[in-house]
Amino acid sequence: MRLFSCFVLSLFALLNIGVVEISSANDRSPNVVLIYADDLGYGDLGCYGAKGWTTPNLDRLAAKGMRFTDFYVAQAVCSASRTALLTGCYPNRLGILGALGPKSQNGIHADETTLAEVLKSREYATAIFGKWHLGHHPQFLPTRHGFDEYFGLPYSNDMWPYHPGVAHLPLEDRLKNWPYLPLIEGDKIVNANVTGDEQAKLTTWYTERSVEFIERNRERPFFLYLPHAMPHVPLFVSDKQKGKSSHGLYGDVIQEIDWSVGEITATLERLGLTQNTLVIFTSDNGPWLTYGNHAGGSDGLREGKGTAWEGGVRVPCVMSWPGKIPAGQTCAEPVMTIDILPTITKLVGAELPKKPIDGLDIWPLINGTQNAKSPHEALYFYWGQHLQAVRSGQWKLHFPHPFVSVSSTNAGADGKPGKAAQKEIGLALFDLNADRAETTDVAEKHSDVVARLTVLADKARADLGDSATKQKGSGVREVGIIKP
Ligand code: MG
């Protein structure tokens with residue numbers, strides 16, 4: 001029996017060797033389904049320890065594939081995070097920081113290359129159903145950046161005159177800051193004033209569109225990007241999911257996202273596409289803790305969205321591709337969303353963007369190659385233009401920086417934000433293997449590590465800039481700005 005197992009394993013290993021050679025083989029390039037939740041915390045999935053709600057479809061996806069425990073976003077805020085995901089670059093390199101809003105004038109520069117454009121070069125059908133948040137002016141919309149189809153909100157669902165936090169103000173005052181929230185199809189506004197009832201249908205609409213897109217493109221390679229509006233506040237859930245969890249509205253919303261994942265994986269299964277589809281699920285940043293019971297959790301990581309602490313930048317990530325990614329695996333190597341573009345580019349045999357990118361191929365980690373290591377010497381965590389932390393291996397060095405801190409005493413509730421405290425940290429080193437909650441500064445004990453990470457950070461500052469040291473960064477490129 002043991003001999004037989006060894007034979008099967010060896011055969012599997014042999015078969016696995018050919019995995020990255022997909023493009024040179026004659027078989028079809030893999031489909032890519034990339035699901036991106038908004039403000040979903042590290043601890044919000046069942047397979048990451050969530051309590052109060054269940055995520056059976058996401059747990060199944062993880063059980064069939066790879067679950068990352070040390071997966072990061074580049075910055076813990078929407079637009080910066082999405083820039084990294086779709087371009088493989090630190091957002092500082094492209095000049096897109098923070099969360100763009102209805103008054104923003106910028107977006108991804110036309111000369112930059114998105115993952116959708118990489119896949120278009122291999123004749124993929126491409127679609128985004130959900131929140132774009134990389135520039136709402138026509139020249140920045142998804143259809144100008146490699147997507148054939150777009151249906152969704154141009155920015156966050158809280159940039160909205162009916163937000164519970166401003167509902168007490170006269171409408172005309174609210175509209176000065178937060179105009180009516182549009183829903184866009186292609187490059188046209190199809191609904192100029194999205195209501196709460198309609199927000200409650202967004203997850204369902206995005207899911208239905210996704211299923212229809214997969215069905216329509218079953219005979220050709222496709223890239224489906226599904227950046228949900230949820231669970232970003234204000235939270236909304238459809239009637240069919242309301243009251244289903246034991247944790248109120250937030251739990252219902254997560255369960256609806258899980259339902260959506262189930263609809264998509266069932267569609268792939270029904271059409272016989274599961275074996276040829278890489279499914280990735282992750283989040284754009286950690287939980288927005290200031291919203292209290294309308295925010296998720298980080299399973300004990302420190303702080304949340306809007307910080308360079310682990311609770312802000314470490315997110316759940318599962319990847320599934322039966323036959324190519326072995327089932328039930330866990331990867332604890334530190335990697336980032338910037339790695340998705342170069343990894344998929346290589347998988348499909350496309351060319352990397354002409355301009356330099358920051359991400360690296362992590363396929364050996366995704367497919368569970370024994371002893372594979374993160375290709376990054378270090379990962380860098382900026383808040384805006386301020387380099388606040390660097391991670392290398394088990395170590396994370398924070399440079400002196402202010403941060404917002406939320407506890408049970410200053411969090412809000414039921415859709416209204418609390419008031420986060422302003423705190424500061426000095427130079428501090430944490431051993432994430434022993435102390436993933438970043439509680440104990442070990443800088444004095446490991447001055448050699450501090451020195452090594454400081455040198456790496458100085459290199460990043462020279463390249464990407466740093467507001468703290470007033471450096472501009474030689475590798476920073478031009479951001480897209482609307483023409484006057
Ligand atoms: Mg977000």
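Would you please calculate the Kirkwood hydrodynamic radius of the range 335-484 over all C-alpha pairs and express it in Å, rounded to one decimal?
Details: mean 1/r = 0.0551 Å⁻¹.
By the Kirkwood definition, the hydrodynamic radius is 18.1 Å.
State the extension gain, in nm to one decimal, for the chain segment bounded by residue 122 and residue 469, taking 0.36 nm per residue of separation less the distance between their alpha-carbons. Mind dumping the intermediate values first?
Numbers: separation 347, 0.36 × 347 = 124.92 nm, distance 4.23 nm.
So the extension gain works out to 120.7 nm.
Please give, to one decimal in nm, the separation of the simple spin-label points placed at residue 212 and residue 137, each 7 Å out from Cα toward the Cβ.
Placing both labels 7 Å along Cα→Cβ, they lie 3.1 nm apart.
Past the 31 Å Cα-Cα mark, which pairs from 51/396; 64/305; 103/419; 201/396? Intermediate values should be presented prior to the final figure.
On the way: 51/396 28 Å; 64/305 29 Å; 103/419 25 Å; 201/396 41 Å.
Cα-Cα > 31 Å for 201/396; rest within.
What is the percent carbon and sulfur in the accessible area of the chain, measuring with a 1.4 Å probe over the protein chains and ignoring ligands? Kindly include the intermediate steps, with their values, before the conclusion.
Numbers: 10380 of 19250 Å².
It is 54 percent, rounded to a whole number.
Counting only complete DSSP H runs, which helices of the chain cover 20 Å or more along their long axis at the Cα atoms and score a mean Kyte-Doolittle of 1.6 or above?
Values: long enough: 2-17 (22 Å, 1.92); 202-216 (21 Å, -0.62); 248-270 (33 Å, 0.01); 447-464 (25 Å, 0.35).
Membrane-span-like by this criterion, though nothing is claimed about a membrane: 2-17.
May I ask for log10 I(q)/I(0) of the range 70-144 at q = 0.15, 0.16, 0.18, 0.22 Å⁻¹, from a Debye sum over the Cα atoms as equal point scatterers with solvent left out?
-0.49, -0.56, -0.71, -1.03
Determine the order of 260, 447 by accessible area, beginning with the largest, at a probe radius of 1.4 Å. Walk me through the numbers on the way to the answer.
Numbers: 260 0, 447 75 Å².
Sorted by accessible area, descending: 447, 260.
Would you mind putting 162-171, 272-281 in packing order, based on average other-beta-carbon counts within 10 Å, highest first? Before the final figure, lay out each step's value.
Working: 162-171: 13.2, 272-281: 19.9.
Highest-to-lowest ranking by the protection proxy: 272-281, 162-171.
Report the GluC sites (Glu not before Pro) located in the range 298-351 that are in a DSSP loop and have at most 13 other Cβ atoms inside 10 Å of their Cβ, or state none. Could you put the intermediate results ahead of the total?
Working: sites: 303, 310, 351; in loops: 303, 351.
Qualifying residues, ordered by number: 351.
Please sort by residue number the GluC sites (Glu not before Pro) in the range 68-133 whose DSSP state is loop and whose Cβ has at most 12 other Cβ atoms within 10 Å. If you can, show how the numbers build up before the last one.
Values: sites: 112, 117, 123; in loops: 112, 123.
Listed in order of number, the matching sites are 123.
For a quick check of your reading of the filter: which trypsin sites (Lys or Arg not before Pro) in the range 265-362 sit in a DSSP loop and have no more than 11 other Cβ atoms within 10 Å?
Working: sites: 270, 302, 305, 314, 324, 346, 354; in loops: 302, 305, 324, 354.
Sites meeting the loop and neighbour criteria: 354.
Report, for the chain, the % of DSSP beta bridges that are antiparallel, rounded to 5. Each step should come with its number before you reach the end.
On the way: 36 of 60 bridges.
Beta bridges within the chain, antiparallel portion: roughly 60 percent.
Multiply the residue separation of residue 482 and residue 270 by 0.36 nm, subtract the distance between their alpha-carbon atoms, and state the gained length in nm to one decimal. Please list the in-between numbers first.
Details: separation 212, 0.36 × 212 = 76.32 nm, distance 4.39 nm.
Length gained, residue 482 through residue 270: 71.9 nm.
Considering the alpha-carbon set of the chain alone, what are its Rg and its Dmax in angstrom?
Both quantities, over Cα of the chain: 21.6, 76 Å.
Once R0 is set to 30 Å, what does the formula 1/(1 + (r/R0)^6) return for the Cβ-Cβ distance between residue 455 and residue 407, expressed as a FRET efficiency to the nearest 0.05?
Values: r = 35 Å, r/R0 = 1.17.
That gives a FRET efficiency of 0.30.
Enter the accessible area per residue of the chain (Å², integer; probe 1.4 Å; all protein chains in place). Write out the running numbers ahead of the final one.
Numbers: 19250 Å² over 484 residues.
With all protein chains present, the chain gives 40 Å² per residue.
Using +1 on the beta carbon of Lys and Arg, -1 on that of Asp and Glu, and nothing else charged, what's the dipole of the chain about the Cα centre, debye to 20? Don't jump to the answer; show the numbers that get you there.
Working: 47 positive and 52 negative charges, 60 e Å.
Charge dipole, the chain, about its Cα centre: 280 debye, nearest 20.
In 5 Å bins starting at zero, report the fraction of Cα pairs in the range 154-227 per bin as a rounded %.
Reading the bins upward from 0: 3, 14, 20, 21, 15, 10, 7, 5, 3, 2, 0.
The values are calculated or read from the model by the stated rules, or taken from the named source; none is laboratory data. All values derive from a computational prediction rather than experimental measurement. With ideal geometry, Cβ positions are generated from the backbone for all residues, glycine too; neighbour counts draw on all protein chains shown. All accessible areas refer to the heavy atoms of the entire protein, side chains included, with ligands and DNA or RNA removed. Shrake-Rupley method; radii C 1.70, N 1.55, O 1.52, S 1.80 Å.
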